[in-house]
Amino acid sequence: MEQSTLLELLLISWGVITAVLVLLLIYRGTLASKEDDQIFIGDAEQHHARDNDVIIAKMTRLTRPIVALSVISGLLLLTSAGIWVYRGLAGT
């Protein structure tokens with residue numbers, strides 16, 4: 001595969017992965033804004049506790065994909081930068 005095509009493919013992949021990562025971070029931020037840090041619960045307010053538990057569970061499930069996408073995004077960016085520097089030093 002030609003190096004310029006490889007570099008373009010890596011940069012496009014990085015852009016897509018990073019865009020998905022940003023969307024997940026925005027979604028997690030909106031969930032966090034709905035979460036209550038402290039709830040005083042009486043018998044009549046039990047549904048608020050269940051709603052808060054659902055929000056916390058969703059935020060917990062998002063942690064692994066966010067970490068994985070962050071690592072992949074970083075690796076793609078570093079690989080693209082390495083190829084770009086190599087091409088510059090090799091003079092191609």
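Take the conditions β-branched (Val, Ile, Thr), assigned to a helix (DSSP H, G or I) and free of Cβ contacts under 8 Å to residues at least 60 places away in the same chain and apply them to Thr79. Does it pass?
Against the criterion (β-branched (Val, Ile, Thr), assigned to a helix (DSSP H, G or I) and free of Cβ contacts under 8 Å to residues at least 60 places away in the same chain), Thr79 does not qualify.
Would you confirm whether any residue within segment 61-68 is in contact with a Phe, Trp or Tyr (Cβ under 8 Å, 6 or more places away or on another chain), part of a helix (DSSP H, G or I), at pLDDT 90 or above and surrounded by 12 or more Cβ atoms within 10 Å (Cβ to Cβ)? Reasoning before the result, please.
So in segment 61-68, the residues in contact with a Phe, Trp or Tyr (Cβ under 8 Å, 6 or more places away or on another chain) come out as 62.
Then drop every residue that is not part of a helix (DSSP H, G or I), which leaves 62.
Adding the requirement that they be at pLDDT 90 or above leaves 62.
Within this subset, residues satisfying the condition of being surrounded by 12 or more Cβ atoms within 10 Å (Cβ to Cβ) are 62.
Yes, segment 61-68 has at least one match.
I need a count of the residues in segment 1-18 that are at pLDDT 75 or above, of a type in the set (A, V, I, L, M) and loosely packed, with under 11 Cβ neighbours inside 10 Å.
At the first step, the residues of segment 1-18 found to be at pLDDT 75 or above are 5-18.
Subset that is of a type in the set (A, V, I, L, M): 6-7, 9-12, 16-17.
Right, trim to loosely packed, with under 11 Cβ neighbours inside 10 Å and you get none.
Residues in segment 1-18 being at pLDDT 75 or above, of a type in the set (A, V, I, L, M) and loosely packed, with under 11 Cβ neighbours inside 10 Å: 0 in total.
Of Asp37, Asp43, which residue is at pLDDT below 95 and either under 24 Å from the mean Cα position of the chain (by Cα) or among the basic types (Lys, Arg) (or both)? Reasoning before the result, please.
Details: Asp43 fails: either under 24 Å from the mean Cα position of the chain (by Cα) or among the basic types (Lys, Arg) (or both).
Only one candidate passes the filter, namely Asp37.
Which count do you get for residues in segment 46-63 that are under 9 Å from the mean Cα position of the chain (by Cα) and not aliphatic (A, V, I, L, M)? Walk me through it before giving the result.
Within segment 46-63, the first condition is being under 9 Å from the mean Cα position of the chain (by Cα), and the residues that meet it are 62-63.
From the residues that got through so far, the ones that are not aliphatic (A, V, I, L, M) too are 63.
So the count comes out to 1.
The values are calculated or read from the model by the stated rules, or taken from the named source; none is laboratory data. Source: prediction; values computed, not measured. As a convention, Cβ positions derive from the backbone with ideal geometry for all residues, glycine included, and neighbour counts pool all protein chains shown.
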